[in-house]
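> Got a structure here, written out as structure tokens. Questions coming.
Every number here is computed from the coordinates shown, using simple stated rules; none is lab data. No experiment lies behind these values; they were computed from the predicted model shown. As a convention, Cβ positions derive from the backbone with ideal geometry for all residues, glycine included, and neighbour counts pool all protein chains shown.
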Amino acid sequence: MADTVLEPPPHTVPTVFTRALLDWLPWLEPLAVEGLTERHMAALVDAARVKSPYFRLLARDPDALRARTLADKDIFYNADAGLPRAERELAAAATSRFNGCIYCASVHSRFAATYSKREADVQRLLDDGVNTDLGERWNAIVAAAVALSTTPITCSPYAWAAERKSGSMAGRKRFSLGPRVTRIYPCSNTRWRSGGAT
């Protein structure tokens, strides 16, 4: 039997990109806490997430939730390699702005502004889009995020050359969002050299 689509209560649907905390309403009923199995709990990765209707909804597909959560943690919290947290959040905010997800953009732009202390620049990204001038380094990060977000992916040695020139890659062998992301999205951890791909 198919799940019933929920009728949301009266609410204001966001229509503009914002750093404000947005309400989230599910279209399907999240799993009940008492109905979660060991497999669901393992998929949550952090037991505290059991309190979140969002994560209990995602737990309907525990394998996908676990993969999503581990990738998310690696992208944003892995300090072993890659960009500083503010710039990882900037890349995610730019991706969300580019693909039109107001909800994800609100989360990642809030973190980008918090960690970078560049609230005005983050707000310009939200207001004006991914082609707004944010300075050489941030422009390169936004361009790389957009290149990875297009279908088909348009990342190339040229995108990484701009990244390298901006200083984002200074002292690094390669641009990286984290090891797990490299396995999922190989182009995100390029091995471009001045002569092309290696």
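> Are any of the residues in region 68-82 in a helix (DSSP H, G or I), of a type outside the set (D, E, K, R), surrounded by fewer than 16 Cβ atoms within 10 Å (Cβ to Cβ) and free of Cβ contacts under 8 Å to residues at least 12 places away in the same chain?
To start, the set of residues in region 68-82 that are in a helix (DSSP H, G or I) comprises 68-77.
Still in the running and of a type outside the set (D, E, K, R): 69-71, 75-77.
Pick out the ones that are also surrounded by fewer than 16 Cβ atoms within 10 Å (Cβ to Cβ) and you get 70, 77.
Next cut, free of Cβ contacts under 8 Å to residues at least 12 places away in the same chain only: 77.
Looking through region 68-82, at least one residue is in a helix (DSSP H, G or I), of a type outside the set (D, E, K, R), surrounded by fewer than 16 Cβ atoms within 10 Å (Cβ to Cβ) and free of Cβ contacts under 8 Å to residues at least 12 places away in the same chain.
> Let me ask another. Checking residue 14 against (1) within 30 Å of residue 121 (Cβ to Cβ); (2) buried (at least 17 other Cβ atoms within 10 Å of the Cβ): exactly one of these is not met. Which one?
(2) is the only condition that residue 14 fails.
Results for (1) assigned to a helix (DSSP H, G or I); (2) surrounded by fewer than 21 Cβ atoms within 10 Å (Cβ to Cβ); (3) on the phi > 0 side of the Ramachandran plot, shown as yes or no for each residue.
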{"site": "105", "(1), (2), (3)": "yes, no, no"}
{"site": "109", "(1), (2), (3)": "yes, no, no"}
{"site": "114", "(1), (2), (3)": "yes, yes, no"}
{"site": "120", "(1), (2), (3)": "yes, yes, no"}
{"site": "124", "(1), (2), (3)": "yes, yes, no"}
{"site": "130", "(1), (2), (3)": "no, yes, no"}
{"site": "138", "(1), (2), (3)": "yes, no, no"}
{"site": "144", "(1), (2), (3)": "yes, no, no"}
